[in-house]
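Report on the structure given below.
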Amino acid sequence: MNAARGSLLGIEHLEAAEILRILKFARRMNPDRPRPLLRGRRVMLLFYEASTRTRGSFELAAKAMGAHTVLIQAMGSSIEKGESLLDTGYTAQAVGAEVIVIRHPNAGAPQVMAEHIGVPVINAGDGLHEHPSQALLDAYTILKSKKSFKGLQVSIIGDIFHSRVARSACHLLSKFGVKIILCGPPELVPDIAATIAPGVRVTRHIEDALRGTDVVMLLRVQKERLVGMKIDLPEYIARYQMTPARLKTAKKDAIVMHPGPIIRGLELTSEVADGAQARILDEVHNGVPTRMAILARALGKMR
Ligand code: NCD
């Protein structure tokens, strides 16, 4: 594969040492103390899908380092007029983009872009494939609470089938020997999900997933992607919703994570979302320094 140096297309093929290098650099970044590392550089944000956290934090990260950003959204751009992915990429390059951050509903779109465009491409979520910047900010968040990956167990509960967040998290955590348990009904967590990465196990029982776990990662039930699937939401809530009582099954110091957007009353209750163990807003907060590191790496400034 021929992607520009500094591209971040997924976690699966990233080495553990490189992941640690990014996380180490991210820990040195502080959005409140801007650093002009990327002064005057041009970052193009190309969003073919809705986004709040990812887009906002890539933009703030770029700006905290002095870069210029241009946001192109599918709605309101030539993409609406039928311009192809690559023609949009060539156009981005022609106007002077030096990095392209792309979110796209199709798996592999960032890779196709990276193979044809001479600038680094950062995957901000591609279909059901990967969401590498989310996995990195989640790792950053876990390490802030747990200090090391050693001996950790992470339980991921919810719509794993449709979740690029889960896929990238499994790839990342498995590189560090973390025990990963995936939990949900078979429609959302097929048995084959256990093959995503080494060290992954599937269970249907929430108590089994929670017992003695260090990290509870909840995922949204992606209603917009459930078309044609038989998911009974009241039954999902009865069996899998994270409640304070269920959370007691996990370790006392377990943390609760969720990439957002959260749907209160579905995958978790408000008590859990706003409770002392929740790290959901910390994840959002940590997204900025993590993406500062990703952008600095893309432009050869991660030193
Ligand atoms: C997720 C996504 O878009 O993959 N959100 C995010 O980027 N933080 C998860 C989701 O949409 O449920």
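The values are calculated or read from the model by the stated rules, or taken from the named source; none is laboratory data. Remember, it's a predicted structure, so these values are computed and weren't measured experimentally. Every residue, glycine as well, gets a Cβ built from its backbone with ideal geometry; the counts of neighbours run over all protein chains shown. Just so you know, the surface numbers come from the protein's heavy atoms only, side chains and all, with ligands and any DNA or RNA stripped out. Shrake-Rupley method; radii C 1.70, N 1.55, O 1.52, S 1.80 Å.
Assorted remarks:
- Count of region 37-78 residues which are within 11 Å of the ligand (Cβ to nearest atom) and either in contact (Cβ under 8 Å) with a residue 40 or more places away in the chain or farther than 23 Å from A109 by Cβ (or both): 9
- Residue ID - nearest to the chain's Cα centre (by Cα), chosen from residues in region 129-151 that are near the ligand (Cβ under 10 Å from one of its atoms) and part of a helix (DSSP H, G or I): Q134
- The residues of region 10-35 that are at pLDDT 95 or above, open to solvent by less than 90 Å² (accessible area, probe 1.4 Å) and not in a helix (DSSP H, G or I), listed by number, are G10, I11, E12, L14, M29.
- Qualifying position, being part of a loop (DSSP other than H, G, I, E, B), among the aliphatic types (A, V, I, L, M), in contact with a helix residue (DSSP H, G or I) (Cβ under 9 Å, 6 or more places away or on another chain) and more than 30 Å from F149 (Cα to Cα), among A4, A50: A4
- Odd one out for M292, checked against (1) more than 14 Å from the chain's Cα centre (by Cα); (2) assigned to a loop (DSSP other than H, G, I, E, B); (3) not hydroxyl-bearing (S, T, Y): (2)
- Annotation: of all residues in region 244-279 being open to solvent by less than 20 Å² (accessible area, probe 1.4 Å) and part of a helix (DSSP H, G or I), the one that is nearest to the ligand (Cβ to nearest atom) is A273.
- Residue match in region 103-112 (condition: part of a strand (DSSP E or B), away from the ligand (no atom under 12 Å from the Cβ), farther than 22 Å from L172 by Cβ and touching a Gly at 6+ places or on another chain (Cβ under 7 Å)): no
- Every condition in (1) open to solvent by less than 10 Å² (accessible area, probe 1.4 Å); (2) touching a helix residue (DSSP H, G or I) at 6+ places or on another chain (Cβ under 8 Å); (3) within 16 Å of the ligand (Cβ to nearest atom); (4) of a type in the set (A, V, I, L, M, F, W, C) holds for F161 except the one numbered (1).
- Residue among G56, G82, G40, G66 that is outside the structural domain of S168 (by TED's automatic domain parsing), of a type in the set (G, A, S) and in contact with a His (Cβ under 9 Å, 6 or more places away or on another chain): G40
- Filtered residue count, region 36-52, keeping only those that are modelled with pLDDT under 95 and either open to solvent by 80 Å² or more (accessible area, probe 1.4 Å) or polar (S, T, N, Q) (or both): 3
- When every residue of region 134-150 is checked against the conditions, none turns out to be of a type in the set (F, W, Y) and open to solvent by 30 Å² or more (accessible area, probe 1.4 Å).
- Considering only residues in region 180-206 that are within 19 Å of the chain's Cα centre (by Cα) and in a strand (DSSP E or B), the one that is farthest from I263 (Cα to Cα) turns out to be V200.
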